[in-house]
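Only the coordinates and a few stated rules stand behind these numbers; no lab work does. Remember, it's a predicted structure, so these values are computed and weren't measured experimentally.
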Amino acid sequence: MIVARKDPPPSRYEMPDPAHAPAHGLIAIGGDLAPGTILAAYRRGIFPWPDQNARLLWWSPDPRAILPLDGFHESRSLRRTRRRDRFRVTWNEAFAAVVRGCSERREGTWITSDMAAAYNELHALGWAHSVEVWCGPELAGGVYGVAIGGLFAAESMFHRPRDASKVALAALVGELATAGFSLLDVQFRTPHLASLGAVEIPRAEYLRRLRSALG
């Protein structure tokens, strides 16, 4: 899944220390979405998440949600779905389409056009990756995120037919475990992610695991 990467120019901003951020996690406002800035943020345990007015906000919440690679919960119904070969899984074949699918979810999205362009640029440089799930010729679901060292920061996922996003996440977890990754960051623990095994850990523990994954 992971391909050759090109290093972008370094960020012109200095990332703040997330250890001193408030518990809700908002640590900075402004800056830019240049590849070097986004990568520098992830390396510090920070991620971009615009507000409803499209202001660029940077976050490092406490607690932080992760999905342990040895703790993914695959229900019996999901296991049956995967065995039936209803879906076909690919890697990095339709990154822009996955981002677009995530931005069109009915429950709303924080993926602005600027955010989509920024992650497409990271993908072109080899840092951002997608898992696509197909039903016949149609894109049924997927997940995308950024890989740095042993960290995979999952940004968003979507589905059209039921279980398509779960199939994508199951494939991602399996690939990361095989490739020797140690940290799958999912940022916030939603009920959906909790049902798949996501847990919350203190920010200090997340930053410790992040340093180990990047090392």
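Global size of segment 40-106: 16.9, 44 Å for Rg and Dmax (C-alpha atoms, Rg to one decimal, Dmax whole).
Rounded to whole numbers, the Karplus 3J(HN,Hα) couplings from phi for segment 198-215 are 5, 10, 9, 10, x, 4, 4, 5, 4, 5, 5, 5, 5, 4, 5, 5, 6, x Hz, using 6.51 cos²θ - 1.76 cosθ + 1.60 with θ = phi - 60°, and x at Gly and Pro. Springs join every pair of Cα atoms under 10 Å in this Gaussian network model of the chain, and among Arg12, Arg82, Arg100 the largest mean-square fluctuation is at Arg12. The mean of 1/r over all pairs of different alpha-carbon atoms in segment 65-214, once inverted, gives a Kirkwood hydrodynamic radius of 15.6 Å.
Applying D = kT/(6 pi eta Rh) to segment 1-115, where Rh is the Kirkwood radius over alpha-carbon pairs, T corresponds to 10 °C and eta to 1.306 mPa s, the Stokes-Einstein value obtained is 92 µm²/s. Computed over segment 14-75, the Cα gyration tensor eigenvalues convert (square root of 5λ each) into semi-axes of 24, 14, 13 Å, ordered from largest to smallest. For Arg189, the residues whose amide H sits under 5 Å from its own are Ala65, ignoring neighbours fewer than 5 places away on the same chain, with H placed 1.01 Å from N.
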